Amino acid sequence: MPEEVFVRHCSPTLAGIKTANLFSCRFADEKEMRDSVRRLNGVLVKKGVRVLPLLYRDGRGLIYAYRPSKLSQDLQQADAWSLLEERGYTFGVPEQCIIHLMQRLADGEEFPHEIGLFLGYPPKDVCGFIENRAGGYKYVGEWKVYGDADKAKEIFARYRKCTEVYCAQFAQGKSIERLTVAV
């Protein structure tokens, strides 16, 4: 996976302003995907970021970059945990929840819309998306907003600006390691 693709999709997580990012990328095979993830983790884990391949199917990998400390905080919110519990998650460390999410993705029966909680989306928006079947939202940006649209617009603008700055810095030769904020 080209590092440029990773920076373009994961800048807010690298900057420490977002819990996680998720993107799909083409790989020659599953081994190439795992090797790419391993290389990234060699640089990022010491900065508080982990990268996981959530799924590989039809030449594409679903890549998840996250900050375990932020994910732990997000999943401990009562409304977030309630939604996860309804979907068969057992309370524990975030990694156990990620494994359950991976199983739900691989299962393929129903897309796990609770994935928004793993990306740092507000629980109210994730619940609203599920309850309204993706309709009736107030605003669309990084996600569909059912709660505070003004706050979401501010967050989306921060994410866009962060991505612009990080992509420009990467293009000027700054490494992923130097771009990643240690938290």
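The values are calculated or read from the model by the stated rules, or taken from the named source; none is laboratory data. In this text the structure is predicted, and so the values were computed from the model without any measurement. In this analysis, Cβ positions are derived from the backbone assuming ideal geometry, glycine residues included, and neighbour counts consider all displayed protein chains. Accessible surface is based on the protein model in full, side chains and every heavy atom, while ligands, DNA and RNA are left aside. Shrake-Rupley method; radii C 1.70, N 1.55, O 1.52, S 1.80 Å.
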Task: Residues being open to solvent by less than 90 Å² (accessible area, probe 1.4 Å) and among the charged types (D, E, K, R) - total across region 154-183 - done: 2
- [ ] Would you please name the residue that is most open to solvent (accessible area, probe 1.4 Å), looking only at residues in region 134-153 that are part of a helix (DSSP H, G or I) and not basic (Lys, Arg)?
- [x] Asp150
Open item on the list: Looking only at region 162-181, how many residues end up being without any contact (Cβ under 8 Å) to a residue 24 or more places away in the chain and acidic (Asp, Glu)?
Closed with: 1
Open item on the list: Criterion first (crowded, with 17+ Cβ neighbours inside 10 Å and of a type in the set (Ser, Thr, Tyr)) does Ser36 satisfy it?
Closed with: yes
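Criterion first (at pLDDT below 95 and surrounded by fewer than 21 Cβ atoms within 10 Å (Cβ to Cβ)) does Glu131 satisfy it? Let's see the steps before the verdict.
Values: at pLDDT below 95: no; surrounded by fewer than 21 Cβ atoms within 10 Å (Cβ to Cβ): yes.
Taking the combined requirement at face value, the residue does not satisfy it.
Please go through region 40-54 and give me each residue that is open to solvent by less than 40 Å² (accessible area, probe 1.4 Å) and in contact with a strand residue (DSSP E or B) (Cβ under 8 Å, 6 or more places away or on another chain), ordered by number.
Pass one, region 40-54, residues open to solvent by less than 40 Å² (accessible area, probe 1.4 Å): 40-41, 44, 48-49, 51, 53-54.
Leu40, Asn41, Leu44, Val49, Val51, Pro53, Leu54 - these are the residues of region 40-54 that are open to solvent by less than 40 Å² (accessible area, probe 1.4 Å) and in contact with a strand residue (DSSP E or B) (Cβ under 8 Å, 6 or more places away or on another chain).
Looking at Ala106, Ala65, which one is closer than 18 Å to Ser24 by Cα, open to solvent by 20 Å² or more (accessible area, probe 1.4 Å), touching a residue at least 40 places away in the same chain (Cβ under 8 Å) and among the small types (Gly, Ala, Ser)? Talk me through it step by step, then tell me what you get.
Numbers: Ala65 fails: open to solvent by 20 Å² or more (accessible area, probe 1.4 Å).
On inspection, the qualifying residue turns out to be Ala106.
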Open item on the list: Need pairs with beta-carbon distance below 7 Å; first residue under 14 Å from Leu52 (Cβ atoms) and within region 1-14, second open to solvent by 30 Å² or more (accessible area, probe 1.4 Å) and part of a helix (DSSP H, G or I); sequence gap 6+ or separate chains.
Closed with: none
